[in-house]
Amino acid sequence: MKWLLVLIYACTSYAEDYVFPPNFQFGVATASYQVEGGWNASGKGENIWDVLTHNRPELIYDQSNGDIACDTYNKAITDVQLLKSLGVDFYRFSFSWSRILPVGTSNKINPDGIRYYNELIDELLKNGIKPFATMFHWDLPQPLQEIGGWPNPVVADLFVDYANVLFEHFGDRVKDWITFNEPAVFCGGGYEDGSKAPAYKGNGFGVYLCAHTVLRAHGKAYRLYESKYKASQGGRVGITLDTYWFEPSSDKPEDIEAGEITIQMNFGWFAHPIYSKEGDYPSVMKERIAEKSSTEGFPRSRLPEFTPEEIEEIRGSSDFFGLNHYTTNKCTPLPAGWGIPPSQWTDIGTMCYYETNWEIGASSWLAVVPWGFRKLLVWIKNEYNNPEVIITENGFSDKGELNDCRRINYYNTYLEELLKAIHEDGCNISGYTAWSFLDNFEWMRGFTEKFGVIYVDFDDPDRSRTPKMSYYVYKNILATKRVDWKFTPDSFNECEF
Ligand SMILES: *[C@@H]1O[C@H](CO)[C@@H](O)[C@H](O)[C@H]1NC(C)=O
Ligand SMILES: *[C@@H]1O[C@H](CO)[C@@H](O)[C@H](O)[C@H]1NC(C)=O
């Protein structure tokens, strides 16, 4: 008994001593609409978030918008000094499509858009920070929405034209590309539940058309880079997918199945076509939506089909697996008669929820469940043959306090689970990105939920920045390659964990 206790002690204390591997890369992230401002500056066109926030402010919790946001349009250069002092290897930012192409199509390029991103990229490189660029982080040019947005298959070709402009102008210096950020969120929010621009409420139809176009666009953009740019530019292209971990609500077979179906139909939806050996949508998804569609009287499945050529084009179209992860839900089958078909929710047919004793951030959906992160990483390893994973977002929301102990607790616990996934589970994870660099415009929640490691004073016309305690804690993690619960930066009060 005594020996057993010693052994358990040895194992647990060892887990706390794990360090990040020597080549592990750290960064912080932002997205164009959430931070840039300059919404109508120097030739930029309007995007769907400009239009939504201006025309329907009642949909935004504090009726705010991203017209100025953090004003990084005017502050990109000085912000690089905050990145440098933090010690990040890379900065993940996104291009604003309508700043580069004001009407969305590549026949008209805005020189000021090219200038702005050139200056940002050059300043990052001058300071030893790699630009990690997202092409699309939700701000679709409004003229493309007016022809139907992502559910219109033609938008895939227009995206590839845009990607071509980006590779051509910036690919000599940008070596890490993400095509899309969280397609499940912008397709679901934009065309099914109305929670993101363009805020349409759908019925289990537009959401799948959106995803279908996005997957085709991603595959085509990847193949374009592969054939035209990779040899000379030597970079890599991937995609960022998001998911909760979906834990079965009990060990009953129907709950275990509910957890698996939920992750397949929220995440496998995009991951399976790209990262599985076979390609295409997960079979459980194809079967379920075909069956539901048939009982609902549709002549064919509401889930569109890929051609064999498209399956091949999309399969393997990623040089790494970009993963955004924040939280966990428990799942059980949807009780009979719940939900209104047709809908994405009744297609999935499960009900997912938080345990009431889980800590929740300022965002009502953000429960702190670090063990779910590790389970998800292991699931990805097993499901997709241990791909190279880069955590492209992870973070916690509060109300903006500088002594942000709850954020520090979140980062420390989630990073410890990540270390266990690397050292105990053999997951191939090569980088981590904290969301977010700055407090910013949190979509429908406006400025009411803060994710930054830097506080931004949105009442100050100058949008002054103040590093929070978590900025210094993250800096210490980057410098020492380990989590240190005892580290308290100068001039901050010690946290009670
Ligand atoms: C840009 O928008 C602001 C309001 O946010 C307005 O005051 C200004 O006149 C606009 N500038 C241009 C060039 O249209
Ligand atoms: C991780 O993935 C990269 C890229 O595919 C590969 O080169 C490397 O060998 C993998 N590492 C491990 C430990 O599997």
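Select, from G104, G149, the only residue that is touching a Cys at 6+ places or on another chain (Cβ under 9 Å) and closer than 24 Å to G189 by Cβ.
G149
Every residue in the range 177-227 that is in a helix (DSSP H, G or I), of a type in the set (A, V, I, L, M, F, W, C) and under 20 Å from P304 (Cβ atoms), please.
A184, V185, F186, C187, V207, L209, C210, A211, V214, L215, A217, A221
Name the one entry in P299, P253 that is within 30 Å of W358 (Cα to Cα), away from ligand 1 (no atom under 16 Å from the Cβ) and free of Cβ contacts under 8 Å to residues at least 12 places away in the same chain.
On inspection, the qualifying residue turns out to be P253.
Look through A336, A362, A367 and report the one residue that is of a type in the set (A, V, I, L, M) and modelled with pLDDT under 95.
Within the list A336, A362, A367, the selection yields A336.
In the range 325-334, which residue that is farther than 21 Å from E192 by Cα and of a type outside the set (S, T, Y) is farthest from ligand 1 (Cβ to nearest atom)?
K330
Name every residue in the range 62-100 that is surrounded by fewer than 21 Cβ atoms within 10 Å (Cβ to Cβ) and among the charged types (D, E, K, R), in order of residue number.
D62, D67, D71, K75, K84, D89
Under 8 Å between Cβ atoms, at least 6 apart or on separate chains: pull out the pairs that start in the range 139-168 with a residue that is over 19 Å from S94 (Cα atoms) and without any contact (Cβ under 8 Å) to a residue 12 or more places away in the chain and end on any residue that is part of a helix (DSSP H, G or I) and not hydroxyl-bearing (S, T, Y).
Correct list of pairs: I147/V154; I147/V155; G148/V155.
Under 8 Å between Cβ atoms, which residue pairs at least 6 apart in sequence (or on different chains) link something in the range 476-497 that is in contact (Cβ under 8 Å) with a residue 24 or more places away in the chain with a partner that is among the small types (G, A, S) and part of a loop (DSSP other than H, G, I, E, B)?
L478/G87; A479/G87
Given the structure, is E393 closer than 18 Å to L241 by Cβ, of a type in the set (D, E) and touching a helix residue (DSSP H, G or I) at 6+ places or on another chain (Cβ under 8 Å)?
Judged against the criteria, E393 is not a match.
Looking only at residues in the range 445-474 that are surrounded by fewer than 18 Cβ atoms within 10 Å (Cβ to Cβ) and not hydroxyl-bearing (S, T, Y), which one is nearest to ligand 2 (Cβ to nearest atom)?
In this case the residue turns out to be R445.
Whether any residue in the range 413-432 is without any contact (Cβ under 8 Å) to a residue 60 or more places away in the chain, away from ligand 2 (no atom under 16 Å from the Cβ), closer than 23 Å to G268 by Cβ and not hydrophobic (A, V, I, L, M, F, W, C) is what I want to check.
yes
Inspect all residues belonging to the range 228-240 and state whether any of them is touching a helix residue (DSSP H, G or I) at 6+ places or on another chain (Cβ under 7 Å), surrounded by fewer than 22 Cβ atoms within 10 Å (Cβ to Cβ) and not in a helix (DSSP H, G or I).
Within the range 228-240 (the criterion being touching a helix residue (DSSP H, G or I) at 6+ places or on another chain (Cβ under 7 Å), surrounded by fewer than 22 Cβ atoms within 10 Å (Cβ to Cβ) and not in a helix (DSSP H, G or I)), the answer is no, since none of the residues qualifies.
Among strands (runs of 3 or more DSSP E) lying entirely in the range 328-413, which contain 2 or more residues that are farther than 27 Å from Y91 by Cβ?
328-333, 350-353
Which one of L418, L478, L402 is closer than 16 Å to L83 by Cα and either within 16 Å of ligand 1 (Cβ to nearest atom) or among the aliphatic types (A, V, I, L, M) (or both)?
L478
For the range 328-365, name all the residues that are crowded, with 20+ Cβ neighbours inside 10 Å and farther than 23 Å from V284 by Cβ.
G361
Does the range 67-102 hold any residues that are more than 26 Å from D457 (Cβ to Cβ) and within 16 Å of ligand 1 (Cβ to nearest atom), and which are they?
Hits for the range 67-102 are S98, P102.
Tell me which of these L52 doesn't satisfy, since it passes every other one: (1) within 21 Å of P461 (Cβ to Cβ); (2) within 16 Å of ligand 1 (Cβ to nearest atom).
(1)
Among the residues that make up the range 250-264, is at least one of them closer than 27 Å to F373 by Cα, among the hydroxyl-bearing types (S, T, Y) and buried (at least 21 other Cβ atoms within 10 Å of the Cβ)?
There is at least one residue in the range 250-264 that is closer than 27 Å to F373 by Cα, among the hydroxyl-bearing types (S, T, Y) and buried (at least 21 other Cβ atoms within 10 Å of the Cβ).
Got a number for residues in the range 11-61 being surrounded by fewer than 13 Cβ atoms within 10 Å (Cβ to Cβ), at pLDDT 95 or above and more than 16 Å from ligand 2 (Cβ to nearest atom)?
Residues that pass the stated criteria total 4.
Looking only at the range 244-253, count every residue that is in contact with a Leu (Cβ under 7 Å, 6 or more places away or on another chain) and part of a loop (DSSP other than H, G, I, E, B) and tell me the total.
0
Residue by residue through the range 86-104, note down the ones that are basic (K, R) and under 23 Å from T466 (Cα atoms).
Selection gives R92 alone.
Just for the range 426-449: of the residues that are in a loop (DSSP other than H, G, I, E, B) and among the charged types (D, E, K, R), which one is nearest to T53 (Cα to Cα)?
Applying the filter and picking the extreme gives E442.
The values are calculated or read from the model by the stated rules, or taken from the named source; none is laboratory data. Predicted, not measured: the structure shown is a model, and the values here were computed from it. Here the Cβ is made from the backbone with ideal geometry for all residues, glycine too, and neighbour counts use every protein chain on show.
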